[in-house]
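The values are calculated or read from the model by the stated rules, or taken from the named source; none is laboratory data. Note that the structure is predicted; figures quoted are calculated from it, not measured. No Cβ is skipped: glycine too gets one built from the backbone with ideal geometry, and neighbour counts run over all protein chains shown. The protein model used for the area step is the full one, side chains on, heavy atoms only, and it has no ligands, DNA or RNA in it. Shrake-Rupley method; radii C 1.70, N 1.55, O 1.52, S 1.80 Å.
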Amino acid sequence: KQVVNNATASNTFVDRNGNNQTVTASASAVVYTPPIYLTVVPSSPEATAPGQVITYTYNIKNLLSTPVTSPSVVDNKISVDCSGASASIAAGATTQCTGSYTVTQADMDSAAPIVNTATATAISGGSPGTSNAVTLTIPIQQTKAISIASITSTSNATPTVAGSKIAYIYTLQNS
């Protein structure tokens with residue numbers, strides 16, 4: 001599918017001999033429109049803990065007036081399963097694929113967002129067509145906390161008098 005953008009500009013002026021002159025320029029540009037359009041929806045807007053599973057739903061929409069077949073998705077970070085997708089997508093219809101990413105301790109330690117880019121392909125008229133590229137950024141949300149797990153006195157059990165020093169051992173837990 002394509003869109004042709006045509007533009008014309010003209011200018012009329014008086015030359016050095018006093019004559020009116022008109023200059024016209026024209027240009028055409030062909031803008032490619034992909035046959036399918038991809039959107040990606042993550043199950044969570046952020047990563048909060050190692051082991052968290054983020055499921056991505058890849059929505060493939062047919063923008064053509066004829067069916068497309070064999071939809072598939074490639075994501076640079078995870079494997080995408082299109083086994084449940086329609087083998088043929090009717091004109092204007094949408095099908096879905098899925099994929100999952102498990103947040104690692106290394107993801108949490110780096111605090112850098114999880115970034116993945118995906119594109120979809122489908123066959124139209126015997127030729128493959130590629131969708132727009134979608135880049136998703138899932139931020140790492142760390143909750144920093146520390147708690148006191150226990151407090152122990154190292155003093156003997158005998159009563160103390162005012163001004164006596166009492167020693168304690170604090171056990172802290174990084175959570």
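Tell me the net charge near Pro139. Cut-off is 12 Å between Cβ atoms, Pro139 excluded, with +1 for each Lys or Arg and -1 for each Asp or Glu. Once positives and negatives cancel, what remains is -2. Calculated accessible area for the stretch 83-124 comes out at 46 Å² per residue, all protein chains present (probe 1.4 Å; ligands, DNA, RNA ignored).
Using the Cβ-Cβ distance between Thr117 and Asp81 with R0 set to 22 Å, the FRET efficiency from 1/(1 + (r/R0)^6) comes to roughly 0.80. Across the alpha-carbon atoms of the chain, the computed radius of gyration and Dmax are 31.7, 117 angstrom.
Treating each Cα of the stretch 2-92 as one equal point scatterer and applying the Debye formula with no solvent, the log10 of I(q)/I(0) at q = 0.15 Å⁻¹ comes out as -0.78. Per-residue ellipticity at 222 nm, computed for the chain from helices alone with -39500 (n - 2.57) per DSSP H run of at least four residues, works out to -1000 deg cm²/dmol. When the solvent-accessible area of the chain is split by element, carbon and sulfur atoms take up 53 percent of it, the probe being 1.4 Å. The residues packed around Asn116, meaning those with a beta-carbon under 13 Å from its beta-carbon, carry a net charge of -1 if Lys and Arg are +1 and Asp and Glu are -1.
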